[in-house]
Each structure stands twice: as C-alpha cells, then as structure tokens.
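Asker: Sending over a structure as structure tokens; questions will come in a sec.
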Amino acid sequence: MHHVKSSMLLILVLLLFSGSCFAVDNKIYPNPPTQSVELYVTSWCPYCKMAEAYLDKQGVKYQKYDVEKDREAAKRMNQLAGGGGIPFAVINGVFIKGWSEGAYAEALKRHN
C-alpha cells in the first residue's frame, strides 16, 4: 500500500512541476487517424472541470482519463504531450495542453 501511495505522490508531483494546470500549448498534427476527443484530467483540477463542462455543453462525446488513477493513461499523456500539464486534450488530431475555449472550439471544427 505504501508503494501505491508513493507512486501516486510521484505522479502528482510530476504533473505539478512539469506543467501548469492552465498553460496552453497547442500543436496540430496532420492527418489524425480518426475523428475523436480524448481528455486527460485529475479530479482536483478546476481547469479540467471547465474542459469537461465545455465538451458536455457542446454535446461532444469524449473519452476521459484520470491520470492519477490510470497509470497507463498518465504514461500515454506524457508521451503525447511531451511532458505534463492538465487538462490535456487530443481533439481531432490537435494536441492541447491546458484549458482554452477557443482552442477547443477550433479543434472541434477541424472535421465538421
């Protein structure tokens, strides 16, 4: 049990120091494989809640991953994002670090 707590604490520290919860760093990757939305979050991040609320309000279906509870998702997020920072979204091939309504809206238009 101590090992699990230590691992969770390490993930939390890495997320906190590797990127802020509100920094925005958008990158567009050509030819996304499918039209999809993935959202990487934590339970305590207010910007994650804003991102979820926005997607819900828009009626967008998305796959949510809690990076504190899902070790594989945390690893995948770090590989995709090149570092931490939450929320992290992959919207139709656009990688978005942080919360930005404008960035999310633009990415959602990409296939519409």
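Asker: Looking for something aliphatic (A, V, I, L, M) and in a loop (DSSP other than H, G, I, E, B) - is there at least one such residue anywhere in region 93-103?
Answerer: No, there is no match, as no residue in region 93-103 is aliphatic (A, V, I, L, M) and in a loop (DSSP other than H, G, I, E, B).
Asker: Moving on. Inside region 46-79, can you point out the residues that are at pLDDT below 95 and aliphatic (A, V, I, L, M)?
Answerer: The answer is 60, and nothing else.
Asker: Just the residues that are in contact (Cβ under 8 Å) with a residue 12 or more places away in the chain, more than 12 Å from residue 38 (Cα to Cα) and of a type in the set (Asp, Glu), please, taken from region 65-106.
Answerer: 68, 101, 106
Asker: If a residue has to be on the phi > 0 side of the Ramachandran plot and in contact with a helix residue (DSSP H, G or I) (Cβ under 6 Å, 6 or more places away or on another chain) to count, how many in region 39-90 make the cut?
Answerer: Within region 39-90, the first condition is being on the phi > 0 side of the Ramachandran plot, and the residues that meet it are 59, 82-83, 85.
If we keep only those that are in contact with a helix residue (DSSP H, G or I) (Cβ under 6 Å, 6 or more places away or on another chain) as well, we get 83.
Number of matching residues: 1.
Asker: Scan region 23-39 and give yes if some residue there is modelled with pLDDT of 95 or more, closer than 20 Å to residue 106 by Cα and among the aliphatic types (A, V, I, L, M), otherwise no.
Answerer: yes
The values are calculated or read from the model by the stated rules, or taken from the named source; none is laboratory data. Small disclaimer: the values here were computed from a predicted structure and weren't measured. Please note: Cβ atoms are built from the backbone with ideal geometry, for glycine as well, and neighbour counts cover all protein chains shown.
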